[in-house]
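The values are calculated or read from the model by the stated rules, or taken from the named source; none is laboratory data. Note that this is a predicted model, so its numbers are computed, not measured. Here the Cβ positions follow ideal geometry from the backbone for every residue, glycine too, while neighbour counts run over all protein chains shown.
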Amino acid sequence: MSGLYLLALIAIWIFVGWVIYRFLRRWQPTDLALKIIHIVIGIMLFSVWFGGAFWEVAGKKMYWDAKVRELCTIDGGVKVYETVALPAEIFNRWGQPNFYGPDKDEDLLSRFLLKQETKYLRNETKSPEILRHHFRVFRRSDGKLLGEQITYARRGGDLPGPWHVSSFSCPNIKEKGLLEVIFIHPN
């Protein structure tokens with residue numbers, strides 16, 4: 001959500017609030033029934049105004065989260081075409097092959113090729129952004145695709161401010177990743 005859009009939205013809310021205030025201020029009911037109607041109308045108008053503001057923020061995220069879930073059911077997840085057994089010293093203490101970090105295995109990087117592609121499905125200048133991450137592992141010797149992982153994510157859709165933007169992704173990132181499934185520990 002751009003800053004100009006947010007300012008325009010706030011200006012509209014202030015103007016509508018001012019019109020409601022002026023209308024209710026001029027209208028002076030004389031008996032108790034009219035005073036109750038006065039209060040009920042004020043509460044209803046405020047509820048509509050507040051509900052619209054809430055839906056502008058929360059409804060947009062709910063809609064795009066549903067779209068991301070739909071995309072995940074179509075082609076998201078991990079697909080393994082071939083597994084590779086590696087020696088135990090190549091794995092770190094969490095059971096992951098050492099492709100990264102200061103103690104990475106250079107021979108491992110020379111034997112396998114990792115490719116990652118990120119595609120914006122919803123323009124990165126709009127909020128929220130919708131992304132598709134495609135991660136693939138190839139064997140360099142014959143160019144064979146060993147496996148791939150596709151994830152979708154929503155980032156943003158919140159009111160702008162000093163806080164971090166919210167996000168949603170699927171499939172569940174707590175599951176084993178592509179590298180842990182392709183490269184088998186000898187245990």
Could you check the stretch 140-162 and list, in sequence order, the residues that are under 30 Å from S110 (Cβ atoms) and in contact with a strand residue (DSSP E or B) (Cβ under 6 Å, 6 or more places away or on another chain)? R140, L145, L146, G147, E148, Q149, I150, T151
Checking K60 against (1) out of contact with any strand residue (DSSP E or B) (no Cβ under 8 Å at 6 or more places or on another chain); (2) among the basic types (K, R); (3) part of a strand (DSSP E or B): exactly one of these is not met. Which one? (3)
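Residue by residue, here is whether (1) modelled with pLDDT under 90; (2) of a type in the set (D, E, K, R) holds:
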{"position": "F50", "(1), (2)": "yes, no"}
{"position": "I74", "(1), (2)": "no, no"}
{"position": "E82", "(1), (2)": "no, yes"}
{"position": "G101", "(1), (2)": "yes, no"}
{"position": "E106", "(1), (2)": "yes, yes"}
{"position": "R111", "(1), (2)": "yes, yes"}
{"position": "Y120", "(1), (2)": "no, no"}
{"position": "N123", "(1), (2)": "yes, no"}
{"position": "I130", "(1), (2)": "no, no"}
Output the number of residues of the stretch 39-51 satisfying the condition of being of a type outside the set (F, W, Y) and surrounded by 14 or more Cβ atoms within 10 Å (Cβ to Cβ). 3
